[in-house]
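Shown next, in structure tokens, is the structure this report addresses.
The values are calculated or read from the model by the stated rules, or taken from the named source; none is laboratory data. Computed from a predicted structure; not experimentally measured. Virtual Cβ from ideal backbone geometry, glycine too; neighbours counted across all protein chains shown. To get the accessible areas, we keep the full protein, side chains included, count just its heavy atoms, and leave off ligands, DNA and RNA. Shrake-Rupley method; radii C 1.70, N 1.55, O 1.52, S 1.80 Å.
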Amino acid sequence: MAIFSRTVKMILVMGFLLATAVTCQQLSPSFYRNSCPQALAVIRNVVSKAVAEEPRMGASLLRLHFHDCFVNGCDGSVLLDDTPTFSGEKSAHANMGSTRGFDVIDKIKTAVDAACGGAIVSCADILAVAARDSVVLLGGPSWTVQLGRRDSRTASKDAANHNLPSPAADIAVLLSNFQSKGLDAQDLVALSGAHTIGLAQCRFFRNRIYNGTSMNPLFLSPLQSSCPAAGGDDNTAPLDVLTPMSFDTAYYANLLLNRGLLPSDQALLDGDLTSRAVRQYSLVPLLFSVDFTRAMVKLGNISPLTGTEGEIRQNCRKIN
Ligand code: HEM
């Protein structure tokens, strides 16, 4: 009887473990080791060419991964074009006329599928790897990317509008937005360091440079000439005025000089924990590298689809 009940227990435990493995498989860096060992090299190659052609593309690809993960998890949903049955994320406020790099993702997907002999690598994983490669190519730190995400079969404009942070957000809103994704104050400051590269459009920072700002005029006047009080909405300025295309800690030095471009950048100085982190990162670049890479892994782990969930898209812009 004892042997019987022990056997039943063992079967139950094994069944539970199997079910858990099927429904919530873990991501793993070696996910494509057998199915497509050349995948990461192929992605790096296409990203390198794209960034060599246009350094800003590294920033755009990094941002795409962030915008993917913050809306229903890292599931490639940001890449889907609108369909008659859903309004996708591309038309949400934060993405419309702003997120870029979709053609590069298409190129990567074509190259990877050709190398793997079929659609083995998900679009969500391509975004995660392209983000890492972009940071490295622009002089930033590297990290091991977890893999095995699958692609969503839907996307939501409403979810994107609700989840992607606004550049007008104050520190309380930023903290609660990041907390809702399992990211803490330190993660918020470390990840905002991504604004050490890339550009922002006038429409996103106009309020910062006109409404009674206390910015140094030497910094303010060139910004105001490129971003007039009315018009010129899509004129751009570097998010990091000191070293716009190099992934470093100058972003934090800028904040301490009141030279953050977006209101949400400068707002990091309004919280106790966040302003302490800004000071730490501006002083100790190694600390920023450690925290940024750790936070990128956390970002990439937000609610992935795994196992038999979702699909591996043939074309990143549409479901199979
Ligand atoms: C903390 C909240 C954040 C807000 C409110 C925010 C907002 C923005 C805005 C408004 C732009 C300019 C877009 C444009 O002008 O078209 C931008 C650019 C950018 N963001 Fe963020 N962002 C945030 C966090 C992040 C995070 C966590 C990352 C990545 C880990 C990131 C990466 C970037 C990059 C690299 C660019 C430049 C893109 C390019 O040049 O194409 N941002 N962000």
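Build a GNM of the chain with springs between Cα atoms under 10 Å apart, and of Gly193, Gly73, Gly307 the one that fluctuates most is Gly307.
Largest mean-square fluctuation among Asn72, Asn301, Asn258, in a Gaussian network model of the chain whose springs join Cα atoms under 10 Å apart, belongs to Asn258. Surface exposure of the chain, expressed per residue as accessible area with a 1.4 Å probe, stands at 46 Å². Computed extension gain for Ser221 through Asp270, at 0.36 nm per residue and net of the alpha carbon distance, reaches 15.2 nm.
Pairwise Cα distances in segment 39-164 exceed 20 Å in 40 percent of cases.
Approximating the spin labels as points 7 Å out from Cα along Cα→Cβ, the Ala159-to-Thr308 distance works out to 2.1 nm. For Ile302, the accessible surface of its heavy atoms amounts to roughly 20 Å² (probe 1.4 Å, protein chains only, rounded to the nearest 10). The distance linking segment 154-232 with segment 95-148 is 24 Å (Cα centroid to Cα centroid, whole angstrom). Seen from Ser91, the other residues with C-beta closer than 9 Å to its C-beta sum to a net charge of 0, counting Lys and Arg as +1 and Asp and Glu as -1. With kT/(6 pi eta Rh) evaluated at 25 °C and eta = 0.890 mPa s, and Rh the Kirkwood radius from Cα pairs, segment 204-320 diffuses with a coefficient of 144 µm²/s according to Stokes-Einstein. Each label was represented as a point 7 Å from its Cα along the Cα-to-Cβ direction; for Ser180 and Asp233 these points are 2.5 nm apart. Summing charges over all other residues whose Cβ lies under 14 Å from the Cβ of Leu137, with Lys and Arg as +1 and Asp and Glu as -1, gives 0. Across Gly88, Gly232, Gly310, mean-square fluctuation computed from a Gaussian network of the chain (C-alpha pairs under 10 Å connected) peaks at Gly232.
If you add up the charges near Gly182, with Lys and Arg at +1 and Asp and Glu at -1, over every other residue whose beta carbon is less than 15 angstrom from its beta carbon, what do you get?
+1
How much of the accessible area of segment 211-254, in percent, comes from carbon and sulfur atoms when a 1.4 Å probe is used? The computed percentage sits at 59.
The solvent-accessible area of Leu223, taken with every protein chain present and a 1.4 Å probe, is close to 20 Å².
Ser77 contributes an accessible area of around 0 Å² to the protein surface, as traced by a 1.4 Å probe with all chains present. Taking the Kirkwood radius as Rh and the Cα radius of gyration as Rg, the chain has a ratio of Rg/Rh equal to 1.03.
Volume per residue for segment 169-245 equals 115 cubic angstrom (convex hull of Cα atoms). Long hydrophobic helices in the chain: the complete DSSP H runs spanning 18 Å or more by Cα along their own axis with mean Kyte-Doolittle hydropathy of at least 1.0 are 2-23, 39-53, 123-137. Remark: accessible surface ordering of Phe66, Phe178 (largest first) is Phe66, Phe178, probe radius 1.4 Å.
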